[in-house]
1. Which condition from (1) exposed (fewer than 13 other Cβ atoms within 10 Å of the Cβ); (2) over 25 Å from PHE57 (Cα atoms); (3) at pLDDT 90 or above; (4) of a type in the set (S, T, N, Q) is the one that THR117 breaks?
2. Among the residues of the range 148-187, which ones are polar (S, T, N, Q), within 20 Å of TYR137 (Cβ to Cβ) and part of a helix (DSSP H, G or I)?
3. Does ASP139 qualify as being touching a residue at least 40 places away in the same chain (Cβ under 8 Å), of a type in the set (Asp, Glu) and within 28 Å of PHE174 (Cα to Cα)?
4. Does the range 140-177 hold any residues that are in contact with a Phe, Trp or Tyr (Cβ under 7 Å, 6 or more places away or on another chain) and under 17 Å from TYR7 (Cβ atoms), and which are they?
5. Can you list residue pairs whose Cβ atoms sit under 8 Å apart, with the first residue in the range 174-187 being within 14 Å of PHE110 (Cβ to Cβ) and touching a residue at least 40 places away in the same chain (Cβ under 8 Å) and the second being surrounded by 10 or more Cβ atoms within 10 Å (Cβ to Cβ) and small (Gly, Ala, Ser)? Count only pairs 6 or more apart in sequence or on different chains.
6. Report yes if some residue within the range 93-114 is of a type in the set (S, T, N, Q) and more than 30 Å from TYR184 (Cβ to Cβ); otherwise report no.
7. For residues that are over 18 Å from the mean Cα position of the chain (by Cα) and either surrounded by 13 or more Cβ atoms within 10 Å (Cβ to Cβ) or under 22 Å from HIS8 (Cβ atoms) (or both), tally how many sit in the range 146-162.
Amino acid sequence: MKHEFRYHLITSLALFFLISIFLVIIKSPNIEIVLVFFGIFFGSFILDIDHLIFWYFFKPNLEESRLARTTIKNRDFKSLIKLIDASHSTHHNLIFHHYFFQSVLVLFTFFIFTSTTNLFVISLVISINLHLLVDEYIDFYANPKILQKWLFAREDTQLPTKFLNRYLVFFSIFLVIFIMLLFYSQV
C-alpha cells in the first residue's frame, strides 16, 4: 500500500503541478490554484471509501471488518492504511472499482465539463479518473488476473486478460482528453 499511496501521490502531484503551471501562465495565480489542489487531494482518496463500504456493508462480520471499525473508532488512521494494504488484494467486489462505474464516471466527467467551470469540481473528477487508472495500472503490471477479477466482479463473462491493456489505453485516452478540456476551458 505504501507503493500504491506513493503512486497516487506522485501522479496527483504531477497533475497538480501541470494544471498549476498552466494556470500561472494563462492567468495570474490566485484562489483557483487552491481549488485545484483541494479537488485533486480529495479526488485522490475518495475511491478508497470503497474499502469502508466493503467492511461496513458487504462483509461486516469479517475479522478485518471489526478491526477496521475499531481503528476508525480509535482514529488510528495509520493502522487503517496498513489494514487496507493487507486486505487490498482480497477486496474484489467493490462498487467504485468496477468497469461499469468507470464507464459512468467518464460520462459524468463529460457532463461536468459541459455544465460548470468550477475548478474544484473539475479537478476532483479528473483526479478520481486518475486514481482509478493508477489502481488499474498497478494491478495490471503486478498481476492482470487480479485486475480482471476486481474490474469485472459480479459479471458472468469477463474481458480476457489479453485485452486489458487496450481497456487501459482506452480510458487513459479519456483522461488525456479531460486534461486537455480543462486547459481549453481556461483559455
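The values are calculated or read from the model by the stated rules, or taken from the named source; none is laboratory data. Not measured: the values here are computed from a predicted model. When we count neighbours, we look across all protein chains shown, and the Cβ atoms used for this are built from the backbone with ideal geometry, even at glycine.
1. Single failed check for THR117: (3).
2. GLN148, THR161, ASN165, SER172, listed by residue number.
3. Numbers: touching a residue at least 40 places away in the same chain (Cβ under 8 Å): no; of a type in the set (Asp, Glu): yes; within 28 Å of PHE174 (Cα to Cα): yes.
In short, no.
4. Matches in the range 140-177: LEU147, LEU168.
5. LEU182/SER123
6. Within the range 93-114, one or more residues are of a type in the set (S, T, N, Q) and more than 30 Å from TYR184 (Cβ to Cβ).
7. Initially, the range 146-162 is screened for residues over 18 Å from the mean Cα position of the chain (by Cα), giving 154-162.
Still in the list and also either surrounded by 13 or more Cβ atoms within 10 Å (Cβ to Cβ) or under 22 Å from HIS8 (Cβ atoms) (or both): 158-159, 161.
Here the count works out to 3.
For (1) touching a residue at least 24 places away in the same chain (Cβ under 8 Å); (2) polar (S, T, N, Q); (3) touching a helix residue (DSSP H, G or I) at 6+ places or on another chain (Cβ under 6 Å), each residue gets a yes or a no:
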| site | (1), (2), (3) |
| --- | --- |
| ILE21 | no, no, no |
| LYS27 | yes, no, no |
| ASP50 | yes, no, no |
| ASN61 | no, yes, no |
| ALA68 | no, no, yes |
| ILE72 | no, no, no |
